[in-house]
Amino acid sequence: MSNGFDLIIFDCDGVLVDSEIIAAQVESKLLTDAGYPISTEEMGERFAGMTWRNILFEVEREASIPLSASLLDKSEKLLDLKLASDVQAIPGVPLALSRLPMPRCICSNSSSERLEMMLTKVGYIKLFAPNIFSAKDLGADRVKPKPDIFLHGAREMNASPANTIVVEDSVHGVQAARAAGMRVIGFTGASHTYLSHADRLTDAGAETVVSRMADLPGVVMALAEWDGVL
């Protein structure tokens, strides 16, 4: 504990790669076509950080619309194609990482295959491999907002959850990290951000929020010092 946090965990979608906006575009069109009109903006605000499977369950419960099981596969295929061609990096990640001395890993709801594809495309995979963990590898019922993937990441990295800091862009991700007993910094620097984004992350349990990766190292070190970790 003398050198700060044991571990820093990054979510991927909306934190390292600007993919949440692409997912919101694809999924809003599919839901609208299925009889549940919803805008790209509302998708980002309501469902960012949730798996498509859980989004469909939520919409079915809310609107009593039976959604075809084929929507599950249709979305995955469309989204993989769109991400492969369009996904962009969140700027400033390599520089921020160079200023963060603690071990790092990724804990995401995305599949291992999609994580590898996106991170390879934007040139970030070597910054994290092999410490890239998918909640889907643990089981469909263990994704965020459950804490399982964060606890798994801490175990794999031999870190104490209480001395781990997480960077998350979604309410569900913040809730998962807090349920794991970890501290959280919210991130609002991706294209799917919305007016009340920072407030909602703070309400969910983020200690502070940054909108640029350039600000992350200073905030991490300030939180460590404030807590008496350093």
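Take the Cα atoms of region 20-86, find their three principal axes, and give me the spread along each one in whole Å, biggest first.
In descending order, the Cα extents are 35, 24, 19 Å.
Hey, can you grab everything whose amide H is under 5 Å from the amide H of Ile90? Only 5+ residues off in sequence or another chain; H modelled, so Pro and N-termini drop out.
Close amide H contacts, sequence-distant or interchain: Val17, Asp18.
Pull up all non-local amide H partners of Ala206: gap of 5 or more, or a different chain, and H-to-H distance under 5 Å with H placed in the peptide plane.
Answer set, sorted by chain and number: none.
Give me the three principal axis extents of region 117-157 from the C-alpha atoms, as integers in angstrom, largest value leading.
Principal axes ranked by extent give 30, 20, 14 Å for the Cα atoms.
So if each residue of separation counts as 0.36 nm, and I subtract the Cα-Cα distance between Ser85 and Ser39, what length gain in nm does that give? Let's see the in-between values first.
On the way: separation 46, 0.36 × 46 = 16.56 nm, distance 2.22 nm.
Net length gain for the segment: 14.3 nm.
Going down the table (Lys82/Lys146; Lys77/Lys144; Lys74/Lys126), which pairs top 25 Å between alpha carbons?
Working: Lys82/Lys146 28 Å; Lys77/Lys144 22 Å; Lys74/Lys126 30 Å.
Cα-Cα > 25 Å for Lys82/Lys146; Lys74/Lys126; rest within.
Given a 1.4 Å probe and the protein chains all in place, what does the accessible area of Phe47 round to, in Å² to the nearest 10?
10 Å²
Take the alpha-carbon centre of region 1-73, take the same for region 79-130, and report the distance between them in whole Å.
Each part's Cα centre sits 18 Å from the other's.
Ratio of Rg to Rh for the chain, alpha carbon only, Kirkwood?
Working: Rg = 17.0 Å, Rh = 17.7 Å.
Ratio of gyration radius to Kirkwood radius: 0.96.
Tabulate in residue order the Karplus-calculated ³J(HN,Hα) for region 126-141, using 6.51 cos²θ - 1.76 cosθ + 1.60 with θ = phi - 60°, rounded to whole Hz; enter x for Gly and Pro.
5, 6, 10, 4, x, 8, 10, 10, 10, 4, 5, 6, 7, x, 4, 9
I want to verify the translational diffusion coefficient of region 1-119 in µm²/s; compute it with Stokes-Einstein, Rh as the Kirkwood radius over Cα pairs, at 10 °C and 1.306 mPa s.
Numbers: Rh = 15.8 Å.
Estimated diffusion coefficient is 101 µm²/s.
The values are calculated or read from the model by the stated rules, or taken from the named source; none is laboratory data. Source: prediction; values computed, not measured. When the accessible area is computed, the model is the full protein with side chains, heavy atoms only, and any ligands, DNA or RNA have been set aside. Shrake-Rupley method; radii C 1.70, N 1.55, O 1.52, S 1.80 Å.
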